[in-house]
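Structure first, then comments.
The values are calculated or read from the model by the stated rules, or taken from the named source; none is laboratory data. These figures come from a predicted structure and were not determined experimentally. In this analysis, Cβ positions are derived from the backbone assuming ideal geometry, glycine residues included, and neighbour counts consider all displayed protein chains. Ligands, DNA and RNA are excluded from the accessible area calculation, which covers all protein heavy atoms including side chains. Shrake-Rupley method; radii C 1.70, N 1.55, O 1.52, S 1.80 Å.
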Amino acid sequence: METAAPDLSAVSALALQVDLLQLPPEIPAPGAPALRGVLDRLFAHWLTLPDTVALVSCLAQKAKSTGGLTGCGMLPSMMMQGGANVPPLSPRSPRLARRPSGLGGGHTHRSASPLRPSTARTNKEVIPQFYFRDGRPLPYEQKRQFIAVIEQLFAGHANGLRIQEFRMVTRELCKLPSFLTTVLFGKIDKDNTGFITRDAYMDFWVNSNMMTMDTATQVFTILKQYDHDYLTKEDFKPLLRDLLDNHPGLEFLKSTPEFQERYGETVVYRIFYCLSRIGSGLLTLRELKRGNLIDALQHADDEEDINKVLRYFSYEHFYVIYCKFWELDTDHDFFIDKENLIKYGNHALTYRIVDRIFSEVPRKFTSKVAGKMCYEDFVHFILSEEDKSSEPSQDYWFKCIDLDGNNILTHNELQYFFEEQLHRMECMAQEPVLFEDILCQLVDMIGPEDDTFFVIKDFRRCKLSGHFFNVLFNLNKFMAFESRDPFLIRQMREEPSLTDWDRFARREYIRLAMEEDGEDASNASGDVWDESLESPF
């Protein structure tokens, strides 16, 4: 039995609902002439589909029985429940819902679609502030307690605190080494009144969020100049002056101002040697944070014996450096030339390595005198020579050996420096060692990624990097290592926390002290010597 063709006249009044087509926003509105014919043909084709024929027939019959097209409002839901060939409509994405403003006036139909409620809005997530240029502000309760302590400290001081009274504020309230008192006082007392009021302290320390910074940033901000983002050697002078004036372990130096100045210079040179890795003479905040200066300052503030503060501030270390320089500077003009330096360590160094040092390859001299090394240059040299396991020392000697400056040590470069070592061994009647054997030993010692050359990264992970350089240009230390001095081995095992520099400085200080005591004893015996008595020999 054939199914009669449905009467489509009843649905001729059905308006084409464009929203059901789910058109993307880049397609023009159906009212556009270029698209109107295409949509009419698509709609006509849809009406001829079997499922559509059945649906339209049902609607037509219902419309005739009720006398109107009241069922046409059910069309979307009935379509979704129709045949299996009609999938459910997906919600319109927010990206497709945004229609550019210049694409016609059909946007009013889409915004009114039941599939996209006009009231739907995406709630924006509020991200709390996580970066504060001057540090994260303190919580209200903690800030209130801190202000209460400030009120107590400044109570009874209407004019403010003097510098000696302010020293307790630096140490107890700011939690900084007391040697920063002078420079901190000067930062707050901008008018040089000699007093710090409560309001001035609050403005500098609390209102500018200084109290919320980490200790390294606080020290850096206090020491540096206002218009600088780095520290210079001059910036450390107030700190060293405060240290020399107030530390009990340095009180004996007050009678010799010239040695106070030399001590302060040596401390600053050691700080920049260890922390300023670029070698520009400037110290950045990042370098300060990576170093151990803050811990050394705290240690010096807590320790009465300054010689126990091995990092930077030990007076014995200064004494060894200065005496070594004085021994080499025979004319005492405070400069050292090649002939002076070649005598260092009982002629331990080769001429070739000394030539490289004075060619200013590892570091530019600050003496400003051609062919001369000043005291600051010598400090960098002796620290590098006596502790070749430190990173600054490795950089120093690596540049010396790198003849062509390509940041690679080749076998030819190593052989160039070892040739003089071999000649010296022959002159001392030592059994010569072939370079091929030495090269195998060096490769096994360092373990480079590529056996044909060495890079600075290879030395960073090797604890025997110091011996590598000694083999090439320091004969005394080379022979001492080969002989395996049991005293040195035991010393290293008993005190593993000490560096090679710490052990060297201790030995040299004992030797220099014994020599000075011997000179004093001989001078004392000479005072009672009877010149009329002649020796019978």
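Tabulated data
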{"quantity": "Contacts under 7 angstrom Cβ, first residue in segment 132-156 being under 11 Å from M211 (Cβ atoms), partner part of a helix (DSSP H, G or I) and open to solvent by 50 Å² or more (accessible area, probe 1.4 Å), 6 or more apart", "calculated": "I150/R198"}
{"quantity": "Test for L184: is it over 26 Å from I271 (Cα atoms) and either surrounded by 15 or more Cβ atoms within 10 Å (Cβ to Cβ) or of a type in the set (V, I, T) (or both)", "calculated": "no"}
{"quantity": "Condition met for S359 (touching a Ser or Thr at 6+ places or on another chain (Cβ under 8 Å) and either more than 20 Å from H332 (Cα to Cα) or hydrophobic (A, V, I, L, M, F, W, C) (or both))", "calculated": "no"}
{"quantity": "Segment 442-463 - residue that is touching a residue at least 40 places away in the same chain (Cβ under 8 Å) and open to solvent by 10 Å² or more (accessible area, probe 1.4 Å) and, of those, farthest from I342 (Cα to Cα)", "calculated": "T452"}
{"quantity": "Residue in segment 385-394 that is loosely packed, with under 15 Cβ neighbours inside 10 Å and within 25 Å of V320 (Cβ to Cβ) present", "calculated": "yes"}
{"quantity": "Selection count, segment 348-363, where residues are open to solvent by 10 Å² or more (accessible area, probe 1.4 Å), touching a residue at least 24 places away in the same chain (Cβ under 8 Å) and part of a loop (DSSP other than H, G, I, E, B)", "calculated": "3"}
{"quantity": "Count of segment 490-533 residues which are at pLDDT below 75 and either hydrophobic (A, V, I, L, M, F, W, C) or under 27 Å from S384 (Cα atoms) (or both)", "calculated": "7"}
{"quantity": "Among residues of segment 188-199, those that are of a type outside the set (V, I, T) and either touching a Lys or Arg at 6+ places or on another chain (Cβ under 8 Å) or surrounded by 17 or more Cβ atoms within 10 Å (Cβ to Cβ) (or both), counted", "calculated": "4"}
{"quantity": "Among the candidates G194, G156, G186, residue that is in a loop (DSSP other than H, G, I, E, B) and at pLDDT 90 or above", "calculated": "G194"}
{"quantity": "Neighbours by Cβ (under 9 Å, 6+ apart or cross-chain): first from segment 413-436, touching a residue at least 40 places away in the same chain (Cβ under 8 Å); second open to solvent by 90 Å² or more (accessible area, probe 1.4 Å)", "calculated": "E420/Y351; M425/E431"}
{"quantity": "Cβ-Cβ under 8 Å pairs, at least 6 apart or on other chains, segment 277-291 side more than 10 Å from Y230 (Cβ to Cβ), far side open to solvent by 60 Å² or more (accessible area, probe 1.4 Å) and part of a helix (DSSP H, G or I)", "calculated": "R277/E391"}
{"quantity": "Qualifying positions in segment 420-442 - outside any loop (DSSP other than H, G, I, E, B), touching a helix residue (DSSP H, G or I) at 6+ places or on another chain (Cβ under 8 Å) and of a type outside the set (K, R)", "calculated": "E420, Q421, L422, M425, F435, I438, L439, Q441, L442"}
{"quantity": "L409 being open to solvent by less than 30 Å² (accessible area, probe 1.4 Å) and aliphatic (A, V, I, L, M)", "calculated": "yes"}
{"quantity": "The one condition in (1) part of a helix (DSSP H, G or I); (2) within 23 Å of S384 (Cβ to Cβ); (3) open to solvent by less than 50 Å² (accessible area, probe 1.4 Å) that F313 fails to fulfil", "calculated": "(1)"}
{"quantity": "Some residue of segment 161-170 being part of a helix (DSSP H, G or I), surrounded by 14 or more Cβ atoms within 10 Å (Cβ to Cβ), among the acidic types (D, E) and free of Cβ contacts under 8 Å to residues at least 24 places away in the same chain", "calculated": "yes"}
{"quantity": "Segment 197-248: number of residues that are in a loop (DSSP other than H, G, I, E, B), over 23 Å from R136 (Cβ atoms) and touching a residue at least 12 places away in the same chain (Cβ under 8 Å)", "calculated": "4"}
{"quantity": "Matching residues in segment 251-284 - criterion: being small (G, A, S), on the phi < 0 side of the Ramachandran plot and open to solvent by 60 Å² or more (accessible area, probe 1.4 Å)", "calculated": "S255, S280"}
{"quantity": "Within segment 498-514, tally of residues that are more than 14 Å from F318 (Cα to Cα), over 26 Å from the mean Cα position of the chain (by Cα) and of a type outside the set (K, R)", "calculated": "1"}
